[in-house]
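J.: One structure coming up, written as structure tokens, with questions to follow.
The values are calculated or read from the model by the stated rules, or taken from the named source; none is laboratory data. Please read all numbers here as calculations on a predicted model, not as lab measurements. Positions of Cβ are backbone-derived with ideal geometry, glycine not excepted, and every protein chain shown enters the neighbour counts. All accessible areas refer to the heavy atoms of the entire protein, side chains included, with ligands and DNA or RNA removed. Shrake-Rupley method; radii C 1.70, N 1.55, O 1.52, S 1.80 Å.
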Amino acid sequence: MMPTPSAPEPTRERSERSSSRKLVVVGLIAAVVAGGGLGAGGFLTPEEGGSGSQTPPVAAEAGGGRGNGGNHLMLNAPVQGRPDMMGQMPMISPDRAAEMLRQTSFTLQEQAEIMAALRRREIILADMPMYDTAGGGSVVNVESLGLVQTVHLGPQPRSVILPIRIAGNVSISPAGDPGPMGVHAAAVFVPGPMPLPVLMRGVNFVIGVVVQ
């Protein structure tokens, strides 16, 4: 009699599936840091070779924001150049998306566009709380996937809702004239708060985002 072939080992199958998932996650993170690198603790600072004065690629392709015909969600905007800092951010549950978007400065049309992309599972929402480290009331513009929102900062962290893919670039710049002292702000990432460089007029600070 011919010997009966042995059944695949369940343990080996589980191990192979787990390895495959890890490779996918590693590939996503590598895509956003391909143009640069990670500094100590998962962050890249301007002193390590960042580019705080460069125009972020998403902003360059967005057509100039609200002043030139409004913002549009840009799902195919390529991740180019080297971000000034890397940060991990938590994902917002889809069932809270509409509620969180109502707290932003996005227009109703922009909120509808974001919700439609969420339902198609083309994007997710991330939360990047920000605050004014000087305790004042500074104002910044935050851009992600071509959409710009104006955020009023205070001494306590305020949620900043970001439409984003698993990985991508987010740019932060002063809204209006920040004065000679500039904007002193910080962002709260998964590991904890991180001060941002002083934001002066005409400067875009770019954060490479990976969403957990």
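J.: What do you get when you divide the Cα radius of gyration of segment 90-211 by 2.2 N^0.38 Å, with N the number of residues? Numbers along the way, then the final one.
T.: Working: Rg = 14.0 Å, N = 122, 2.2 N^0.38 = 13.7 Å.
The value comes to 1.03.
J.: Net charge within 15 Å of residue 88 by Cβ-Cβ distance, Lys/Arg positive one each and Asp/Glu negative one each, not counting residue 88 itself?
T.: Values: positive: 165; negative: 127.
Taking every other residue near residue 88 into account, the sum is 0.
J.: Extending each Cα 7 Å along its Cβ direction at residue 93 and residue 120, get the distance between those two points in nm, one decimal.
T.: Simple spin-label model gives 2.6 nm for this pair.
J.: Using the crude model of +1 on Lys and Arg Cβ and -1 on Asp and Glu Cβ, and no other charge, please compute the dipole size for segment 90-211 relative to its Cα centre, in debye to 20. Before the final figure, lay out the partial values.
T.: On the way: 8 positive and 9 negative charges, 39 e Å.
Here segment 90-211 has a charge dipole of around 180 debye.
J.: When only the heavy atoms of the protein chains count and the probe is 1.4 Å, how do 121, 96 rank by accessible area, highest first? Let's see the in-between values first.
T.: Working: 121 215, 96 110 Å².
In descending accessible area the options line up as 121, 96.
J.: What does the accessible area of residue 203 come to, in Å² to the nearest 10, when a probe of 1.4 Å is used?
T.: About 40 Å², rounded to the nearest 10.
J.: Of the options 162, 106, 116, report the single residue whose Cα projects farthest towards the positive end of the charge dipole of segment 90-211 (beta-carbon charges: Lys, Arg +1; Asp, Glu -1).
T.: Ranked along the dipole, the leading option is 116.
J.: Could you tell me the largest-minus-smallest coordinate of the C-alpha atoms of segment 84-141 on each of the three principal axes, in descending order and whole angstroms?
T.: That works out to 40, 26, 21 Å along the principal axes.
J.: Could you work out what % of the accessible surface of segment 84-165 is carbon and sulfur, using a 1.4 angstrom probe and leaving DNA, RNA and ligands out of the count? Numbers along the way, then the final one.
T.: Working: 1880 of 3660 Å².
The computed percentage sits at 51.
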